[in-house]
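J.: I have a structure I would like to understand better, so I am pasting it below and will then ask my questions one at a time.
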Amino acid sequence: LRAVEKKSRTMFAHPSAHTPLSHPSTARLGLQEIFDWAERMSGIPCKCLKDLQDGAILSNIMRRIFPLAAQSCALSGTVGIGARYHDDHWSHVSAMTTYLQLPDHLLDYMGVASGSFEASYGVLVSFYFLNGLSQKHDFAVDFAHPIHPPLA
């Protein structure tokens, strides 16, 4: 994640535009807290990893974390929920990923779409971390579940 920190920092909105991180710095952040954060950031209910499969939540989170990049990709606003939007969500995520030059190993969207725990959890913690960096340059967090080594 540190590799994208410097490049990504210029793409972030002003920190006040983000949903605040609401856990003590010494607490271990569990899956439920990450789901709650994803729901606040996306405006879409997020109760389990399956909720990420259509790409809507991730698309909306990316728009919030990287609004300048979203504008450059002409991806303003938010997207709705539902199977008929599935391709649009993933197209938005793909366009943003390409624009931001995020490495493929960092965010496994195919794994998320197929319901992989490792991929879905990895994407959420990556975005959580990037959002934290946008608010505080020395942001650190201790996740309750282990993170796949290439992400750590």
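J.: Could you tell me, in Å, what Rg and Dmax come out for the Cα atoms of the range 31-136?
T.: Spelled out, the Cα radius of gyration and Dmax of the range 31-136 are 12.3, 37 Å.
J.: In a shell of Cβ-Cβ distance under 12 Å around Asp142, excluding Asp142 itself, what net charge do Lys and Arg (+1) and Asp and Glu (-1) give?
T.: Details: positive: Arg28; negative: Glu33.
Residues close to Asp142 contribute a combined charge of 0.
J.: With labels modelled as points extended 7 Å from the Cα through the Cβ direction, what inter-label distance (nm, one decimal) is found for His148 paired with Ser94?
T.: Calculated label separation equals 1.9 nm.
J.: A further question follows. How large is ³J(HN,Hα) for each residue in the range 127-142, as worked out from phi by the Karplus curve 6.51 cos²θ - 1.76 cosθ + 1.60 (θ = phi - 60°), to whole Hz, x for Gly and Pro?
T.: Result, rounded to whole Hz: 5, 4, 5, 4, 5, x, 5, 5, 9, 8, 4, 10, 4, 9, 8, 10.
J.: Here is a further query. Can you tell me the FRET efficiency between Gln71 and Met110 if r is taken as the Cβ-Cβ distance and R0 is 22 Å, rounded to the nearest 0.05? The partial results should precede the final answer.
T.: Details: r = 26 Å, r/R0 = 1.20.
Calculated transfer efficiency: 0.25.
J.: Would you tally the net charge around Leu58, using a Cβ to Cβ cut-off of less than 12 Å, leaving Leu58 out, and scoring K and R as +1, D and E as -1? Don't skip to the end; give the middle numbers.
T.: Numbers: positive: Arg63, Arg64; negative: Asp51, Asp54, Asp108.
Charge balance in the 12 Å sphere: -1.
J.: Within the range 31-136, what whole-number % of the accessible surface is contributed by carbon and sulfur, with the 1.4 Å probe and all protein chains included in the calculation?
T.: Details: 2420 of 4580 Å².
After summing per-atom areas, the C and S share lands at 53 percent.
J.: For Leu31 and Lys50 in the same chain, what is the full-extension length gain: residue separation times 0.36 nm, less their Cα-Cα distance, in nm? Please report the intermediate quantities before stating the final value.
T.: Values: separation 19, 0.36 × 19 = 6.84 nm, distance 1.30 nm.
Gain in length upon complete extension: 5.5 nm.
J.: Classify the range 98-152 from the C-alpha gyration tensor, please: rounded if a/c falls under 1.5, else prolate or oblate depending on whether a/b exceeds b/c. Intermediate values should be presented prior to the final figure.
T.: On the way: a/c = 2.19, a/b = 1.31, b/c = 1.67.
Note, shape of the range 98-152 comes out oblate.
J.: Ok, one more. Pop out the ³J(HN,Hα) list for the range 108-113 in order, Karplus 6.51 cos²θ - 1.76 cosθ + 1.60 with θ = phi - 60°, rounded to Hz; leave Gly and Pro as x.
T.: 8, 5, 5, x, 5, 4
The values are calculated or read from the model by the stated rules, or taken from the named source; none is laboratory data. Predicted, not measured: the structure shown is a model, and the values here were computed from it. Methodologically, a virtual Cβ is constructed for each residue, glycine included, from the backbone with ideal geometry; neighbour enumeration extends over all protein chains shown. We work out accessible area using only protein heavy atoms, side chains counted, and drop any ligands, DNA or RNA first. Shrake-Rupley method; radii C 1.70, N 1.55, O 1.52, S 1.80 Å.
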